[in-house]
């Protein structure tokens, strides 16, 4: 069985391979000078270097992703047939992900599955293209969150929680479609806790907002690239006026350099532009972590705000019931006007 191809060019075509090949792969025209393998699980390794793989190697990666566990029981010929490539292509793929041979690749893959099976396996078996597509997209989302968790700077998250829980005002900045939508979602997470919060996607408004912040306020910026000039400018302005500045972005970027508290997140993106941006799942998970920590830090204040929100929603019949906090039964006893 051949690996599924989402479009005529597989999981994503690369117009200029030479321009994207890592320096390690250019030494001697082969893998002789390959950089040391990072101490991460094999599935993450495959995802992180996928953009540097040849088209044949990427087909092997897609075939492996279809069923990780089955791959550990295959011969090199079986995997080559499933991917629709030659056996030497499978060998080159194994070397590209840091394994000396196909046998070593299977051993390391089996180890990864043993340690992180809950994230990588599903009992659902798909025999249709849509099901296989859903598997690729959803497992990539869960793997992005897992990668983020493995490298999460908990000290930085703790500082962010303390600053937001005790702030007088929280302004959130996000530029572009992805970061702007996460900033808006973050606003919805925090305002329910009773915090004065606004989210800004417009660069001019971000700067104006930053100029009105005070020492007990917080400016929280979200940027996958870390190079958005309006966001960088807003954070610099907010910091100059004494506000606490927190950024969720890539390390070693201008935005990271501008802020006091940096929560670094680096998620490899898929080379196929049709695939969703995996980093947004990680960013949303970090925002949810901070919001939950802030709620806990605020204690009674956040519980009262959440109770009021839920009570109000229950009154119009849109609150989702929960055994411990659903006020709907109480609302049914109230007189209706």
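The values are calculated or read from the model by the stated rules, or taken from the named source; none is laboratory data. Values in this document were obtained by computation on a predicted structure and should not be read as measured data. Cβ coordinates were reconstructed from backbone atoms using ideal geometry, including for glycine residues, and neighbour counts include every protein chain displayed.
Got a sec? Which of 199, 155 is surrounded by 14 or more Cβ atoms within 10 Å (Cβ to Cβ) and under 30 Å from residue 292 (Cβ atoms)?
199
Just the residues that are closer than 20 Å to residue 309 by Cβ and not in a strand (DSSP E or B), please, taken from the range 167-182.
167, 169
Where in the range 13-128 are there helices (runs of 4 or more DSSP H), lying fully within it, with 3 or more residues that are at pLDDT below 75 and within 24 Å of the chain's Cα centre (by Cα)? First the steps, then the outcome.
Details: elements: 17-20, 23-26, 42-49, 55-66, 68-71, 76-83, 87-96, 102-120.
It comes to 102-120.
Would you check if residue 265 is under 25 Å from residue 134 (Cβ atoms) and surrounded by 19 or more Cβ atoms within 10 Å (Cβ to Cβ)? Steps first, answer last, please.
Values: under 25 Å from residue 134 (Cβ atoms): yes; surrounded by 19 or more Cβ atoms within 10 Å (Cβ to Cβ): yes.
Criteria met by residue 265.
Results for (1) under 14 Å from residue 281 (Cβ atoms); (2) more than 18 Å from the chain's Cα centre (by Cα), shown as yes or no for each residue.
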| site | (1), (2) |
| --- | --- |
| 140 | yes, no |
| 149 | yes, no |
| 156 | no, no |
| 163 | no, yes |
| 169 | no, yes |
| 172 | no, yes |
